[in-house]
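Here the structure comes first, spelled out in structure tokens, and everything after it is commentary.
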Amino acid sequence: PLTVEKLGNGLTIVVKEARTAPLVTVDTWFRVGSRNETDANNGVAHFLEHTLFKGTKKRGLGEIARDIETFGGRTNAGTSNDYTHYYISCEAVHLDKALEIQADVFRNSTLSKENIDAERPVILEEIKRAADNPSHVLWDTLMSTAFSSHPYRRTTLGPSENIASGISREAMSDFFQTWYCPANMTVVVVGDIEAAAVVEKIRALYGDLPSGKVPVVSFPAEPEIKTPRLVRKEMDV
């Protein structure tokens, strides 16, 4: 069974003991994605995913990845329309290290302008790769055709001009402060662990944080599709 507990500040903890192997995954989810963006900052959720782990007040550029690799851990993240999540997988004996590193990032990420600007060409290359991927092009075309008002019409990666210069450090910091708060956060831990002990560890790491006020989200009503919409896309490939 799952152990589910909500802290006083709104942070939700979900733990599942799975003792098939001496491993654990810490996966932290935030209820925010590209649907929470505007035309002006479209792409910021994914951009933030790239820059959040670049450095904290105690760990410089590259040190977070180094510390995770030191104990054989693996880390990655993902951004979608509706959510963003970050995970570390490792041997269960290193759970405390994984939890501490994530807490350091979510509490103390510097989001320095230098690291943000250095990541711009990386994401621009990702946008170019997506444009060369038939299934990615198909998906983005489907969404932009099916939705005319709802933010699902926008891409998760955002337009190149936003990434190149449109999204400032201040805009990214504002987005982080707005959405990356305990009331909008769920920490999921699965592996060879004791559920009660994990809950207390997470409480110690995040329990003192203020809840944060998550904006009430409402989206424009999408006009009914009454006739078929046909898109033919010809590309130089």
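The share of accessible area on the chain that comes from carbon and sulfur is 54 percent, using a 1.4 angstrom probe.
I'd like to check one number: the per residue accessible area of region 84-197, probe 1.4 Å, reported in Å² as a whole number. Kindly include the intermediate steps, with their values, before the conclusion.
Working: 5130 Å² over 114 residues.
Value returned for region 84-197: 45 Å² of accessible area per residue.
With charges only on Cβ, +1 for K and R and -1 for D and E, what is the dipole size of the chain about its Cα centre, in debye, rounded to 20? List each step's numbers first, then the result.
Numbers: 27 positive and 32 negative charges, 68 e Å.
Value, rounded to 20: 320 debye.
Here's the picture: charge each Lys and Arg Cβ at +1 and each Asp and Glu Cβ at -1 in the chain, and of Ser89, Ala221, Ser160 the one pushed furthest to the positive end of that dipole is Ala221.
Spatially, region 58-95 and region 170-201 are offset by 13 Å when compared through their Cα centroids. Over region 114-237, the reciprocal of the mean inverse Cα-Cα separation, the Kirkwood hydrodynamic radius, stands at 18.8 Å.
When the convex hull of the Cα atoms of region 118-169 is projected onto a plane and the area is averaged over all directions, what value comes out in nm²?
Working: hull surface 15.8 nm².
Reported value for the Cα convex hull: 4.0 nm².
Spin-label model, Glu119 to Thr145: label points 7 Å out along the Cα-to-beta-carbon direction sit 3.3 nm apart. Each residue of region 140-145 was assigned a 3J(HN,Hα) from its phi angle through the Karplus expression (A = 6.51, B = -1.76, C = 1.60, θ = phi - 60°), giving 5, 5, 4, 5, 6, 8 Hz with x at Gly and Pro.
When the convex hull of its Cα atoms is viewed from all sides, the chain shows a mean projected area of 15.3 nm². If the segment from Leu230 to Leu2 were pulled out straight at 0.36 nm per residue, it would be longer than the present Cα-Cα gap by 77.6 nm.
Shape of region 59-120 from its Cα gyration tensor (a ≥ b ≥ c, root eigenvalues): rounded if a/c is under 1.5, otherwise prolate when a/b > b/c, or oblate? It would help to have the intermediate numbers written out before the result.
Values: a/c = 1.96, a/b = 1.33, b/c = 1.47.
It comes out oblate by the Cα gyration axes.
Computed from Cα atoms, the angle from the helix 169-179 axis to the main principal axis of the chain rounds to 70 degrees. Note: region 176-237, Cα convex hull, 266 Å³ per residue. Once backbone amide H atoms are built at 1.01 Å from N, Ser80 has Ser34 as its partners under 5 Å, excluding neighbours fewer than 5 places away on the same chain. Candidate cross-link partners of Lys213 among the lysines, defined by an alpha-carbon separation under 20 Å and a same-chain spacing of 8 or more, comprise Lys6. For the peptides 1-9, 44-52, the ranking by packing is 44-52, 1-9, with the highest mean count of neighbouring Cβ atoms within 10 Å listed first.
Given charges of +1 on the Cβ of Lys and Arg and -1 on the Cβ of Asp and Glu, with all other atoms neutral, how large is the dipole of region 1-78 about its Cα centre, in debye to the nearest 20?
On the way: 11 positive and 9 negative charges, 38 e Å.
Approximately 180 debye in magnitude.
Multiplying the residue separation of Ala65 and Ala196 by 0.36 nm and subtracting their alpha-carbon distance yields 44.3 nm.
Assign one of three labels to region 14-80, namely rounded, prolate or oblate, based on the Cα gyration tensor with a ≥ b ≥ c the square roots of its eigenvalues; rounded applies when a/c is under 1.5, prolate when it is not and a/b is larger than b/c, and oblate otherwise. Show your work: numbers first, answer last.
Details: a/c = 3.23, a/b = 1.40, b/c = 2.31.
Taking the square roots of the gyration eigenvalues as a ≥ b ≥ c, region 14-80 is oblate.
Highest mean first, how do 75-86, 111-122 rank when packing is the count of other Cβ atoms within 10 Å averaged over residues?
Working: 75-86: 16.8, 111-122: 14.8.
Highest-to-lowest ranking by the protection proxy: 75-86, 111-122.
The values are calculated or read from the model by the stated rules, or taken from the named source; none is laboratory data. Not measured: the values here are computed from a predicted model. Cβ atoms come from the backbone with ideal geometry, glycine included; neighbour counts cover every protein chain shown. Note: accessible area is taken over every heavy atom of the protein model, side chains too, but ligands, DNA and RNA are not part of it. Shrake-Rupley method; radii C 1.70, N 1.55, O 1.52, S 1.80 Å.
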